[in-house]
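J.: My questions will all concern the structure given below.
Read the figures in this text as sums done on the coordinates, not as results from a lab. For clarity, every value in this text was computed on a predicted model and none was experimentally measured. As a convention, Cβ positions derive from the backbone with ideal geometry for all residues, glycine included, and neighbour counts pool all protein chains shown.
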Amino acid sequence: MASNATPLPDTNNISLMLLGYLVDFDKIYEYQCQFRYENPTQAQQVGLQNAIIGDIDEQFVLLKKLFIENAKCEKCRKSPMVAGSVHENFTNANTQAIWDELLDGVAEMKKFPLDVTPLHMEFIKKKFEQLETAYRRDNVAAAGLC
């Protein structure tokens with residue numbers, strides 16, 4: 001299965017909503033096929049499952065990094081989820097709930113790596129989009145945090 005995903009752009013000024021095509025299922029699919037059809041040893045099975053989990057983690061970290069960069073406060077240029085930032089924590093309970101759902105979803109995928117589908121990866125992307133929208137809606141600069 002050929003990859004049609006584009007690597008992350010060098011710019012940080014792009015909305016996560018434009019990055020959906022960057023979520024890539026190809027490596028996960030390849031590992032799942034190896035697990036199911038190539039009769040790997042038990043040690044190889046563990047390695048393939050760990051590789052799937054690693055790919056999920058890698059994609060999550062890249063999207064989180066991009067979110068943190070894109071969500072800088074327009075007033076003070078501090079980012080959410082960065083230790084020591086006045087915006088470290090989400091001020092709106094609904095925004096925090098989206099983040100919690102995202103973390104729960106990723107944790108669930110990592111429990112069952114062989115069951116991960118493109119829809120699961122789409123879930124990660126959609127939750128980051130929702131998080132970005134909610135965070136921008138919160139208008140943290142106007143909330144007087146900085």
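J.: Collect the residues in the range 103-132 that are in contact (Cβ under 8 Å) with a residue 60 or more places away in the chain and either closer than 25 Å to residue 45 by Cβ or surrounded by fewer than 18 Cβ atoms within 10 Å (Cβ to Cβ) (or both), keeping them in residue-number order.
T.: Of the residues in the range 103-132, the ones in contact (Cβ under 8 Å) with a residue 60 or more places away in the chain are 113-114, 116-118, 121-122, 124-125, 128-129, 131-132.
Scanning the range 103-132 gives 113, 114, 116, 117, 118, 121, 122, 124.
J.: So which residues in the range 39-91 are surrounded by 14 or more Cβ atoms within 10 Å (Cβ to Cβ), in contact with a Lys or Arg (Cβ under 8 Å, 6 or more places away or on another chain) and not aliphatic (A, V, I, L, M), if there are any at all?
T.: 55, 72, 78, 79, 85, 87
J.: Does any residue of the range 68-75 turn out to be under 17 Å from residue 106 (Cβ atoms), in a loop (DSSP other than H, G, I, E, B) and in contact with a His (Cβ under 9 Å, 6 or more places away or on another chain)?
T.: No, the range 68-75 has no match at all.
J.: I would also like to ask the following. In the range 59-102, what count of residues is obtained for those that are free of Cβ contacts under 8 Å to residues at least 12 places away in the same chain and closer than 21 Å to residue 122 by Cβ?
T.: 4
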